[in-house]
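Trainee: Pasting in a structure now, in structure tokens, and then I'll have a few things to ask.
The values are calculated or read from the model by the stated rules, or taken from the named source; none is laboratory data. In this text, all values refer to a predicted model and were calculated from it rather than measured experimentally. Neighbour counts are summed over all protein chains in view; Cβ atoms, including those assigned to glycine, are modelled from backbone coordinates with ideal geometry.
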Amino acid sequence: MIEFFSENDFQIQKEEALIGWLSTIISSEKCALGDISFIFCSDNFLHGINLEFLNHDAFTDIISFDYSLGNELHGEIYISTERITENANELNVSFFDELHRVIVHGILHLCGYKDKTIEDASKMRVKENDALAAREAVKGLKVS
């Protein structure tokens, strides 16, 4: 089950279409959907998590906690909507395109993809782009 929560005033749009899209990605990665929570929050909220749990004193757009059991995905994915806004402006893309990229980035982490090396980050970006291209086929999800 995929659920969405907010620690700020952000509300997810097109929830059913988004869940369908993410479920398709999970299946295409030969994984099973367990319990995944997305928590949308502010920069400060996510910075606090980064400090407390990862000992990183930096702002970030996403932190994922992977509780998966084998190929059954379970986890918590925290996303700063402030970072999404800033990234979208810097990259000259829509807020929703950047939001969807970061959401699928979190799912890909739960599927086992890493992004700490240049090679891994490149593979992750290809997977993100493939997922965003597949989004076009989901009725009602195309936003830009």
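Trainee: Determine whether GLY20 is of a type in the set (Gly, Ala, Ser), more than 20 Å from ARG135 (Cβ to Cβ) and not in a strand (DSSP E or B).
Mentor: Numbers: of a type in the set (Gly, Ala, Ser): yes; more than 20 Å from ARG135 (Cβ to Cβ): no; not in a strand (DSSP E or B): yes.
No.
Trainee: State whether the residues of the range 41-56 include one that is closer than 21 Å to PHE10 by Cα, part of a strand (DSSP E or B), in contact (Cβ under 8 Å) with a residue 40 or more places away in the chain and touching a helix residue (DSSP H, G or I) at 6+ places or on another chain (Cβ under 8 Å).
Mentor: Yes - at least one qualifying residue is present in the range 41-56.
Trainee: Among the residues in the range 27-45, are any within 18 Å of LEU132 (Cβ to Cβ) and surrounded by 15 or more Cβ atoms within 10 Å (Cβ to Cβ)? Break it down stepwise before answering.
Mentor: Initially, the range 27-45 is screened for residues within 18 Å of LEU132 (Cβ to Cβ), giving 27-29, 38.
Among the residues that remain, those that are also surrounded by 15 or more Cβ atoms within 10 Å (Cβ to Cβ) are: 29, 38.
Within the range 27-45 (the criterion being within 18 Å of LEU132 (Cβ to Cβ) and surrounded by 15 or more Cβ atoms within 10 Å (Cβ to Cβ)), the answer is yes, since at least one residue qualifies.
Trainee: Look through the range 77-92, keep the residues that are outside any helix (DSSP H, G or I) and in contact with a helix residue (DSSP H, G or I) (Cβ under 8 Å, 6 or more places away or on another chain), and return whichever of them is nearest to GLY106 (Cα to Cα).
Mentor: So, considering only residues that are outside any helix (DSSP H, G or I) and in contact with a helix residue (DSSP H, G or I) (Cβ under 8 Å, 6 or more places away or on another chain), the one nearest to GLY106 (Cα to Cα) is ILE77.
Trainee: Would you mind stating whether ALA134 is modelled with pLDDT under 90, surrounded by fewer than 17 Cβ atoms within 10 Å (Cβ to Cβ), of a type in the set (Gly, Ala, Ser) and part of a helix (DSSP H, G or I)?
Mentor: For ALA134, the condition - modelled with pLDDT under 90, surrounded by fewer than 17 Cβ atoms within 10 Å (Cβ to Cβ), of a type in the set (Gly, Ala, Ser) and part of a helix (DSSP H, G or I) - is met.
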